[in-house]
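Reading through the structure tokens given below for one structure.
The values are calculated or read from the model by the stated rules, or taken from the named source; none is laboratory data. Predicted model only: the values in this text are computed from it and were never measured. Here Cβ is always computed from backbone atoms with ideal geometry, including for glycine, and neighbour counts include all displayed protein chains. We work out accessible area using only protein heavy atoms, side chains counted, and drop any ligands, DNA or RNA first. Shrake-Rupley method; radii C 1.70, N 1.55, O 1.52, S 1.80 Å.
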There are 2 protein chains.
Amino acid sequence: MVALGHEVTLGSRAKDNPVALDWARQAGGRAAAGTFAEAAAAAEVVVNAVGGRVALSALEAAGAQHLDGKVLIDVSNPLAFEEGQARLSPVESDSVAEQIQRAFPHARVVKTLNTVNCQVMVDPGRVPGEHVLFVCGEDAEAKEQVTALLGEFGWPAGRVLDLGGIREARAVEMWLPLWLSLFRAFGHADFNLELRRAR
Amino acid sequence: MVALGHEVTLGSRAKDNPVALDWARQAGGRAAAGTFAEAAAAAEVVVNAVGGRVALSALEAAGAQHLDGKVLIDVSNPLAFEEGQARLSPVESDSVAEQIQRAFPHARVVKTLNTVNCQVMVDPGRVPGEHVLFVCGEDAEAKEQVTALLGEFGWPAGRVLDLGGIREARAVEMWLPLWLSLFRAFGHADFNLELRRAR
């Protein structure tokens, strides 16, 4: 996002997170590092890129007053490895994106990007074909804004499918187990799904 | 399958199920209807096509002695609508196919076909493109036999992805919520996923 001309503040739990400070130094003048609250306060658009299981606590640290009215892009998956097995929680009867929207009712939550690897997220040309992303959320204008941002990453609007309200986040979060199976089968993460349809 | 020259016995809970008898009359000389036990006893290959939530009871009615050593194709999804919401059970920590394999350890369970609509199952040409199916199960020879049968339906072997053991059934059963979201978005069921990959 910095390379596209956006100002980005990487938020961390600790202000002096060495990894974040290092990233900011290397990423140049439009990049900064700070606490979750500083990052959210500075932002027009907030990206939740921490793991799905710690999303709520990170966003609480960011502070509701810094999220209200803002587009909040949730790219997370609620994944953890338990005894070597990939497990999701919440799953099926709830989703991270819904949890966030409930906890921060004035944030304009849009779920997207969680269905692909982080490199494919910002460089869809790594994978050939008309493969797709999904967006869902309650705020149509927020989804349009996010779709435009995805366009800057290289995702044409026609390849960003709007699935509906935030509840559809359950469906895209439940894609992860199949993604993991395919990752194991292919031996790499440079893949995505294309939807083929009769009409 | 009858049209492909296979003998098919459609099993039901009741021997005199009028829908099954009607189907057998119309489908011609290679088609029959009977109890679950009669259908399984007659079969070289058993297809579990009842709903995922009643699969175990239907297969218990079929009888372990009629399943042992046979290829058992599980095409089911554990779907139910509760208060208008699609819900899966089991989900994430278990799958129907694993339940079946545990209950009938001598059956050669192969999970497949549950990721597409029943019309696409037997007529993949309804949907354009190199869209795919998945197989998983513990028995490599059974998966090969099933892949050959899918070939008779029109699925080239290169479009049938082997995900591994029966545990991978969790992943393909968790595709259903996204399938349902897409079904709502498209307004029809003639679609499927194609996997695009860098290599």
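Stokes-Einstein D for the protein assembly as shown at 4 °C, 1.567 mPa s, Kirkwood Rh over Cα pairs, in µm²/s?
Once the numbers are plugged in, D ends up at 57 µm²/s.
For chain A, set up a GNM with springs between Cα atoms under 10 Å and report which of A:HIS131, A:HIS66, A:HIS188 has the largest fluctuation.
Fluctuation is largest for A:HIS188.
On a C-alpha basis, how far is the centre of the range B:125-199 from the centre of the range A:146-182 in Å? Whole number, if you could?
Here the two parts' Cα centres lie 20 Å apart.
Relative to the longest principal axis of the C-alpha atoms of chain A, give the angle of the C-alpha long axis of helix A:140-153, reported between 0 and 90° and rounded to the nearest 10°.
80
So for chain A, what percent of the C-alpha to C-alpha distances run longer than 27 Å? Please list the in-between numbers first.
Values: 5749 of 19701 pairs.
Of the Cα pairs, 29 percent sit more than 27 Å apart.
For chain A, set up a Gaussian network in which alpha carbons nearer than 10 Å are linked by springs, and say which option among A:LEU133, A:LEU72, A:LEU163 fluctuates the most.
A:LEU163
Under 10 Å, Cα contacts only: if you run a Gaussian network model on chain A, which one of A:ARG13, A:ARG108, A:ARG167 comes out with the highest mean-square fluctuation?
A:ARG13
Taking Cα pairs under 8 Å and at least six residues apart, what relative contact order does the range B:44-186 come out at, in percent?
Relative contact order here is 23 percent.
Just the number, please: percent antiparallel of the DSSP beta bridges in the range B:48-199, rounded to the nearest 5.
Expressed as a percentage, antiparallel bridges in the range B:48-199 total about 35.
At a 1.4 Å probe, what is the % contribution of carbon and sulfur to the accessible area of chain A?
Whole-percent figure for carbon plus sulfur exposure: 52.
Measure out, as a whole number of angstrom, how far apart the alpha-carbon centroids of the range A:42-76 and the range B:33-63 sit.
Computed from Cα coordinates, the inter-centre distance equals 50 Å.
Enter the angle in degrees (range 0 to 90, nearest 10) between the Cα long axis of helix B:176-186 and the first principal axis of the Cα atoms of chain B, meaning the one along which they spread out most.
Rounded to the nearest ten degrees, it is 70.
Return the percentage of antiparallel bridges among DSSP beta bridges fully within the protein assembly as shown, rounded to the nearest 5 %.
35
How far is helix B:18-27 tilted off the main Cα axis of chain B, in degrees rounded to 10, range 0 to 90?
The angle comes out at about 80 degrees.
For a quick check of your reading of the filter: which GluC sites (Glu not before Pro) in the range A:1-104 sit in a DSSP loop and have no more than 12 other Cβ atoms within 10 Å? Kindly include the intermediate steps, with their values, before the conclusion.
On the way: sites: A:GLU7, A:GLU38, A:GLU44, A:GLU60, A:GLU82, A:GLU83, A:GLU92, A:GLU98; in loops: A:GLU7, A:GLU44, A:GLU83, A:GLU92.
Sparse-neighbourhood loop GluC sites (Glu not before Pro): A:GLU44, A:GLU83.
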